[in-house]
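One structure below.
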Amino acid sequence: MGNPIIKTTGLSKRYGEVQAVEGLDLSIREGEVFGLLGPNGAGKTTTTLMLLGLTEPTAGSAWIDGHNCTREPIAVKRIVGYLPDNVGFYPDLTGLENLVFTGRLNGLTDAVSRSRAERLLERVGLTYAAGRRAGAYSRGMKQRLGIADVLMKDPKVIIMDEPTLGIDPEGVRELMNLIRQLSAQDGRTLLLSSHQLYQVQQVCDRVGIFVKGRLIACGTIGELGRQLENDGRFLLELQAEPMDEALRKALAAIPGVKEIQPAGDSWEIVSSRDVRPDVTRAAAERGAAILSLRQRGGDLDEIYRQYFEKAGDRDDNHEDARPENGSGGLRLFRRRKKV
Ligand code: ATP
């Protein structure tokens, strides 16, 4: 992967009493797919707007490909394509006509614009709908037309806001493939802002977790998982028979076990070290059969939840900052009561 192409230092934005973004230091390399993750109100859109030069930071700075986003918004616009979560098109123009129009706005001749539009419609799988009114496109089709539209100006960097919102699973799969291609084949840099963890996890090289305007963690999924383990947070899921008070007490007495929480038919055991052998022994000593014992923490869903619990440990008033259930089969991330 290449040199840093997006860079922010101490980037901050305050709206009156609300600190929407605070001291953001971010460096994204050329060709990278980076996921900016966080619940509603975390500051993702505000960050995006500052990168696009559409809103001015109250402190710090942002740079894209060597251009200051606040002082050189036109230069930035030339190299950055932005796909908002609700893409708008002229409803009475066809998909092809909409793209040709964008090409013209970007200074392309009609001939170049048309051939590029046709090529891009093919790339996003919309050739069959090229002559249909954009107003009659489904949400998924509009999203793909949006990507073609962004590509009309051949941007080095593409910023997408909630790209998977309202798209069916097959559509999401196609979109993810396309995003990977844009990075792997074209060498473009993609910044995706989303709270759809599962979908984003499949496609991002790195993710940044945003809470209340602050980036609380940043790295590959593997790095974030290892970081949690180094911080001494192991999470086990246990199902046993019987799961009674005697077993719970025995497990709670294992050195390193911090918390035991009910989770459906299972218990979640939070510990500061790997306690699997001790759990097995404690169950055997009490004549309990282990039906399943699983270490969790390897996927982004889990990593996200644990980071939120850590943030909650530091500041329990941040309950409202916890992510809500998305459409990707995620659980609610609220802390459960202790057993
Ligand atoms: P969402 O996922 O809901 O889009 P987000 O992570 O993009 O959320 P932002 O829209 O950046 O979050 O909002 C961050 C904070 O800044 C929120 O508390 C929001 O209410 C506040 N905020 C955003 N824009 C403005 C504005 N124009 N005026 C006042 N406050 C604002």
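When the residues of segment 192-242 are filtered to those that are away from the ligand (no atom under 16 Å from the Cβ) and of a type in the set (Lys, Arg), which remaining residue is most open to solvent (accessible area, probe 1.4 Å)?
As a first pass, look at segment 192-242 and keep what is away from the ligand (no atom under 16 Å from the Cβ): 198, 201-206, 219-242.
When the remaining residues are screened for being of a type in the set (Lys, Arg), the result is 206, 226, 233.
Numbers: ARG206: 38, ARG226: 141, ARG233: 30 Å².
That would be ARG226.
Could you tell me whether PRO91 is surrounded by 14 or more Cβ atoms within 10 Å (Cβ to Cβ) and not polar (S, T, N, Q)?
Details: surrounded by 14 or more Cβ atoms within 10 Å (Cβ to Cβ): no; not polar (S, T, N, Q): yes.
No; evaluated as a whole, the condition is false for this residue.
Please specify each residue of segment 37-77 satisfying the condition of being within 23 Å of LYS156 (Cβ to Cβ), among the polar types (S, T, N, Q) and either open to solvent by 20 Å² or more (accessible area, probe 1.4 Å) or within 11 Å of the ligand (Cβ to nearest atom) (or both).
Hits for segment 37-77 are THR45, THR46, THR47, THR48, THR55, SER61, THR70.
Answer with yes or no whether GLN181 is open to solvent by 10 Å² or more (accessible area, probe 1.4 Å), among the polar types (S, T, N, Q), assigned by TED's automatic domain parsing to the domain that holds ARG78 and under 19 Å from the mean Cα position of the chain (by Cα).
Working: open to solvent by 10 Å² or more (accessible area, probe 1.4 Å): yes; among the polar types (S, T, N, Q): yes; assigned by TED's automatic domain parsing to the domain that holds ARG78: yes; under 19 Å from the mean Cα position of the chain (by Cα): yes.
So GLN181 fits the description; yes.
Which residue is nearest to the chain's Cα centre (by Cα), if the candidates are limited to segment 70-86 and must be under 17 Å from LEU191 (Cα atoms) and aliphatic (A, V, I, L, M)?
Let us first name the residues in segment 70-86 that are under 17 Å from LEU191 (Cα atoms), namely 76-86.
Filter once more, so that each one left must be aliphatic (A, V, I, L, M): 76, 79-80, 83.
On the way: VAL76: 23, ILE79: 22, VAL80: 19, LEU83: 15 Å.
So, considering only residues that are under 17 Å from LEU191 (Cα atoms) and aliphatic (A, V, I, L, M), the one nearest to the chain's Cα centre (by Cα) is LEU83.
Quick check on my filter: what residues within segment 255-277 are closer than 13 Å to LEU293 by Cβ and either open to solvent by 10 Å² or more (accessible area, probe 1.4 Å) or out of contact with any Gly (no Cβ under 9 Å at 6 or more places or on another chain) (or both)? Talk me through it step by step, then tell me what you get.
So the first thing to find is which residues in segment 255-277 are closer than 13 Å to LEU293 by Cβ, and the list is 266-269, 271, 274-277.
Within segment 255-277, SER266, TRP267, GLU268, ILE269, ASP274, ARG276, PRO277 meet the criteria.
Looking at segment 205-227, I want the residues that are in contact (Cβ under 8 Å) with a residue 24 or more places away in the chain and under 12 Å from ILE303 (Cβ atoms) and have a partner that is within 16 Å of the ligand (Cβ to nearest atom) and assigned to a loop (DSSP other than H, G, I, E, B) with Cβ atoms under 8 Å, at least 6 apart or on another chain. Which pairs are those?
ILE209/GLY38
Confirm whether ALA289 is more than 30 Å from LEU175 (Cα to Cα), open to solvent by 30 Å² or more (accessible area, probe 1.4 Å), not acidic (Asp, Glu) and not assigned by TED's automatic domain parsing to the domain that holds LEU24. So that I can check it myself, show each step before the final result.
Numbers: more than 30 Å from LEU175 (Cα to Cα): yes; open to solvent by 30 Å² or more (accessible area, probe 1.4 Å): yes; not acidic (Asp, Glu): yes; not assigned by TED's automatic domain parsing to the domain that holds LEU24: yes.
Here the answer is yes, as ALA289 does meet what is asked.
How about segment 13-36: which of its residues are touching a Leu at 6+ places or on another chain (Cβ under 8 Å) and assigned to a strand (DSSP E or B)? Steps first, please.
Of segment 13-36, the ones touching a Leu at 6+ places or on another chain (Cβ under 8 Å) are 21, 23-26, 28, 32-36.
Matches in segment 13-36: VAL21, GLY23, LEU24, ASP25, LEU26, ILE28, VAL33, PHE34, GLY35, LEU36.
How many residues, within segment 5-24, are away from the ligand (no atom under 15 Å from the Cβ) and either within 17 Å of the chain's Cα centre (by Cα) or not charged (D, E, K, R) (or both)? Even if it seems obvious, please write down each step before you answer.
Applying the first criterion (away from the ligand (no atom under 15 Å from the Cβ)) to segment 5-24 yields 5-7, 9-10.
Going one step further and asking which of them are either within 17 Å of the chain's Cα centre (by Cα) or not charged (D, E, K, R) (or both), we end up with 5-6, 9-10.
Final tally of qualifying residues: 4.
Go through (1) farther than 27 Å from ASP186 by Cα; (2) out of contact with any strand residue (DSSP E or B) (no Cβ under 8 Å at 6 or more places or on another chain) and name the single condition LEU108 misses.
Single failed check for LEU108: (1).
If GLY81 meets every condition in (1) under 30 Å from GLU56 (Cα atoms); (2) without any contact (Cβ under 8 Å) to a residue 40 or more places away in the chain; (3) touching a strand residue (DSSP E or B) at 6+ places or on another chain (Cβ under 8 Å) apart from one, which number is that one?
Only one criterion in (1) under 30 Å from GLU56 (Cα atoms); (2) without any contact (Cβ under 8 Å) to a residue 40 or more places away in the chain; (3) touching a strand residue (DSSP E or B) at 6+ places or on another chain (Cβ under 8 Å) is unmet by GLY81, namely (2).
Quick one: would you say ARG296 is within 29 Å of the chain's Cα centre (by Cα) and among the basic types (Lys, Arg)?
Considered against the rule, which asks whether it is within 29 Å of the chain's Cα centre (by Cα) and among the basic types (Lys, Arg), ARG296 comes out as yes.
Looking at segment 13-37, which of its residues are small (Gly, Ala, Ser) and in contact with a Pro (Cβ under 6 Å, 6 or more places away or on another chain)? Spell out how you get there, then give the answer.
Of all residues in segment 13-37, those small (Gly, Ala, Ser) come to 16, 20, 23, 27, 31, 35.
Once the filter is applied, which keeps residues that are small (Gly, Ala, Ser) and in contact with a Pro (Cβ under 6 Å, 6 or more places away or on another chain), segment 13-37 yields only SER27.
The values are calculated or read from the model by the stated rules, or taken from the named source; none is laboratory data. Small disclaimer: the values here were computed from a predicted structure and weren't measured. Neighbour counts run over all protein chains shown; Cβ positions are idealised from the backbone, glycine included. Remember, those area values only see protein heavy atoms, side chains included, never the ligands or the DNA or RNA. Shrake-Rupley method; radii C 1.70, N 1.55, O 1.52, S 1.80 Å.
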